[in-house]
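What follows is a short report on a single structure.
The values are calculated or read from the model by the stated rules, or taken from the named source; none is laboratory data. In this text the structure is predicted, and so the values were computed from the model without any measurement. Here the Cβ positions follow ideal geometry from the backbone for every residue, glycine too, while neighbour counts run over all protein chains shown. Protein only, heavy atoms only, side chains kept; ligands, DNA and RNA dropped before computing areas. Shrake-Rupley method; radii C 1.70, N 1.55, O 1.52, S 1.80 Å.
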Amino acid sequence: MAGIKDVAAEAGVSVATVSRVLNDHPSVSADARTRVLAAVEALGYRPNAVARSLRTDQTHTLGLVISDVLNPYFTELARSVEEEARALGYSVIIGNADERPELQDHHVRTLLDRRIDGLLVSPTDGGSPLMLDAARAGTPMVFVDRWIKGVDVPVVRADGRAAVRNLVAHLHGVGHRRLAIIAGPAATTTGRERVEAFREALAECGIPLPDAYVGQGDFQAESGRRVTEGFLDLPEPPEVVFAADNLMALGALDAIRARGLRVPDDIALAAFDDIPWFLHTDPPITAIAQPTGELGRAAVRALVDRIEGRPPASVTLPARLVVRRSCGKPAAAQAPAVQPSPTQRSKP
């Protein structure tokens, strides 16, 4: 494999000149630059990224710590982050926190030790001192999907409040009045925000939310199953279960089917975070869809702006309601009742 000395010999220049060309230094003449680039091409030389990073103090590597790699939402988010980073000349190292704060901090610490240029994090909780210390130390950082209050870094997220209001209005229009929610962890901003939005939307429709209709989940399928079983055991079970993420919705569906119940005939089901699987369940599941790919790309752009000295900005994008058959149809959308013929109608 050719080295930098081989390139210098081939081009008839010094090693220092080769280094300046490879680092795009303006002091090199056009003739020397042309000869060096021709030698690089002829010899198939590839610069040592580690050595270059020691000289430039940049590795062109980003760290991404996501909450749960098994959650299709975060899988799609990671893919969009990697694609946008690659387009901007960066590589990505991914750490999976598995919704565990201690594992999250382990990945953050490891990535910082690897001398990444910047960090994207979807926090598993709101109390990580490590994240606060990293931000105060000037580490380029962006929160995506979730954030930590008091940590002054850009946040790229979706706003689901309007979509939740639309969902509740849809459920109200169908005729449902007993609505329950499987909440995410209260330690996460998304866990708290989705419950608050649901409660506010119900209040706007004049629908109460009893404590028994709020179940505590953890963004994992098993918690969705457990909470739904508790709802079904109530003396007056809810007519609708709204799961605050997709995995908990799948757990809820398992619990409903295990009881021999049908969706939406016996109980309706809706979810936050739409996923392709929801189209293939029977019936397809009504869900709130986040612009996941756009969020990932916007987060990378904000982080690269920060790394390259441009002012980064927080980004908030709207989520949207996708209505399917898991909650029933509004009366106006159902087939009209068959009217009696004139000869069948009673006389006045």
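Out of curiosity, is Leu130 at negative phi, outside any loop (DSSP other than H, G, I, E, B) and at pLDDT 95 or above?
no
Restricting attention to the range 106-162, report how many residues are basic (Lys, Arg) and over 21 Å from the mean Cα position of the chain (by Cα).
4
List every residue pair whose Cβ atoms lie under 7 Å apart, where the two residues are 6 or more positions apart in sequence or sit on different chains, the first residue falls within the range 102-117 and is over 17 Å from Val92 (Cβ atoms), and the second residue, located anywhere, is among the hydroxyl-bearing types (Ser, Thr, Tyr) and open to solvent by less than 40 Å² (accessible area, probe 1.4 Å).
The qualifying pairs are Asp105/Ser128.
A quick yes/no check of all residues on (1) surrounded by 23 or more Cβ atoms within 10 Å (Cβ to Cβ); (2) touching a His at 6+ places or on another chain (Cβ under 7 Å); (3) part of a helix (DSSP H, G or I):
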residue	(1), (2), (3)
Leu64	yes, no, no
Leu77	yes, no, yes
His107	no, no, yes
Leu112	no, no, yes
Leu119	yes, no, no
Ala135	no, no, yes
Lys149	no, no, no
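Listed here are the residues, each with its yes/no results for (1) part of a strand (DSSP E or B); (2) hydrophobic (A, V, I, L, M, F, W, C); (3) over 20 Å from the mean Cα position of the chain (by Cα); (4) at pLDDT 85 or above.
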site	(1), (2), (3), (4)
Pro26	no, no, yes, no
Ala42	no, yes, yes, yes
Arg52	no, no, yes, no
Phe74	no, yes, no, yes
Arg86	no, no, no, yes
Asp98	no, no, no, yes
Leu103	no, yes, no, yes
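Go over the candidates Gly230, Gly296 one by one and state the one that is buried (at least 23 other Cβ atoms within 10 Å of the Cβ) and not in a loop (DSSP other than H, G, I, E, B).
Gly296
Looking at the range 153-205, which of its residues are among the polar types (S, T, N, Q) and either closer than 21 Å to Ser128 by Cβ or open to solvent by less than 30 Å² (accessible area, probe 1.4 Å) (or both)?
Answer for the range 153-205, where residues must be among the polar types (S, T, N, Q) and either closer than 21 Å to Ser128 by Cβ or open to solvent by less than 30 Å² (accessible area, probe 1.4 Å) (or both): Thr188, Thr189, Thr190.
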